[in-house]
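Encoded as structure tokens, the structure appears first; notes follow it.
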Amino acid sequence: MNILLLGNGGREHTFAWKIKQSPLCGKLFIAPGNAGTQLEGTNLDIAVDDFDGIRKAVLEHNIKLVVVGPELPLVKGIYDYFEKDEALANVTVFGPSKEAARLEGSKAYAKEFMEEFGIPTAAYAEFTPETVEEGVAYIAAQPTPIVLKADGLAAGKGVLIIDDISEAQAALREMLDGKFGEASSKVVIEAFLDGIEFSVFAITDGRDYKILPVAKDYKRIGEGDTGLNTGGMGAVSPPSFVDGVLMHKVEEKIIKPTIEGLQSRNLTYHGVVFFGLIKVNDEPYVIEYNCRMGDPETEVVFPRFRCDLVELMLATKQGRLKEVETVISDRFATTVFLVSGGYPGSYEKGKLISGLEQVHGSLIFHAGTKLDGNDVVTNGGRVIAITSYGNTMEQALEKSYENASLIDFQFKNYRRDIGFDLK
Ligand code: AMP
Ligand code: GLY
């Protein structure tokens, strides 16, 4: 079966690597892909939200499964676009419907969903330009820090955590005044939860679900979790603080009620629910839902997930998820991201990447890379993820760091402390 994968990050290279292991996979196409996905299939120069371009490629290459990596096409309704087109009737799109993708696309929708289904999350209120003065008064009565979230997608920049009441009030005014465009025409204000974050993923057909390996990502640019937020500097799976007792609570209090909520609202969901969670006093709370896999979590989750991913994805559409066998490896996995110097601020692209052929004992997943003739060059902030297995987390980290020192490009940067707080 021919498959089209949408996206161009480390997550998508990992998807491509996993998909290629399936005996069900025929030709694999990736749009737009990177220098790594090109090793697994054929890159197509189509943007992830160019639905007409994607439709054309699907028909031309006889594609039967479309795997959506990033949230943008899902929130824009790629599932529904395929669903209503008769020529695409026998094509499976792995991802939720537009309405269900609002769990990620609208913070207010997600909060209201969690409230209805009794899912633990921070207390909140929402405000619009019409109710800005009520919002200002609301903030005055809250403890600090205060968390302000743009309702819509804001490229990972729409969440502000502010220690000072008057600063938070000013930020609310700015946001409602269009700081993040349409995305902040509504703002969710929520209580700050003090704890440790982790990521749980479930593949669902809207009725049954399979839980994937649990992971923790490291979001800040600086060691000791300092500095600006990035797309993710590394990840580990499993994080030591997530034990069986906590996972049982996650399943009973969060995963099951979420899936029941999807059913009760009649939402079509053949894809991944990403639960961004925080552990506070041994209790899990939802920080956010996403409607896709995480990046860089995928780079440690899929290597530990023994399954035929293609069969699993097809089974969601066919409503037979229960029948598919999955096993989670006992081994640890870690990934360390090499990034361009300057990222997440401005940085240069087009730097030659050397040493890839010297890597032994790790999996290399490309993110911001492209081919320039026969050379692999940098093409983004996050460049390459180095994933390793180990019988302990320390062993896995040692391997990732050994190989991180062998790959080089000008202005290379990486965090040396991924996973160290869990040791
Ligand atoms: P989100 O886009 O909702 O995941 O928020 C981005 C980041 O902000 C999260 O990964 C957390 O680190 C932080 N964050 C969001 N909401 C809260 C909260 N209620 N309490 C503490 N931290 C939060
Ligand atoms: N690693 C967090 C995310 O993918 O949103």
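The values are calculated or read from the model by the stated rules, or taken from the named source; none is laboratory data. Since this is a predicted model, take the numbers as computed values, not measurements. Every residue, glycine among them, receives a Cβ derived from its backbone with ideal geometry; neighbour counts consider all protein chains shown.
Assorted remarks:
- Unmet criterion (only one of (1) away from ligand 2 (no atom under 14 Å from the Cβ); (2) in contact with a Pro (Cβ under 7 Å, 6 or more places away or on another chain); (3) farther than 29 Å from residue 310 by Cα) for residue 230: (1)
- When 293, 313 are screened for being among the aliphatic types (A, V, I, L, M), buried (at least 20 other Cβ atoms within 10 Å of the Cβ) and within 16 Å of ligand 1 (Cβ to nearest atom), only 293 passes.
- Residue 286 more than 16 Å from ligand 1 (Cβ to nearest atom), surrounded by 18 or more Cβ atoms within 10 Å (Cβ to Cβ) and either among the charged types (D, E, K, R) or modelled with pLDDT of 95 or more (or both): no
- Residue in the stretch 140-156 that is within 16 Å of ligand 1 (Cβ to nearest atom), in a helix (DSSP H, G or I) and either surrounded by 17 or more Cβ atoms within 10 Å (Cβ to Cβ) or of a type in the set (A, V, I, L, M) (or both) present: no
- One residue alone among 107, 111 is farther than 24 Å from residue 50 by Cα, of a type outside the set (A, V, I, L, M, F, W, C), crowded, with 19+ Cβ neighbours inside 10 Å and within 16 Å of ligand 2 (Cβ to nearest atom), and that residue is 107.
- So residue 348, is it assigned to a loop (DSSP other than H, G, I, E, B) and farther than 20 Å from residue 408 by Cβ: no
- Looking across the stretch 355-371 at every residue that is out of contact with any strand residue (DSSP E or B) (no Cβ under 9 Å at 6 or more places or on another chain) and not charged (D, E, K, R), the one that is surrounded by the fewest Cβ atoms within 10 Å (Cβ to Cβ) is identified as 360.
- When restricted to residues that are within 16 Å of ligand 2 (Cβ to nearest atom) and either touching a residue at least 40 places away in the same chain (Cβ under 8 Å) or in a loop (DSSP other than H, G, I, E, B) (or both), the stretch 169-199 contains 4.
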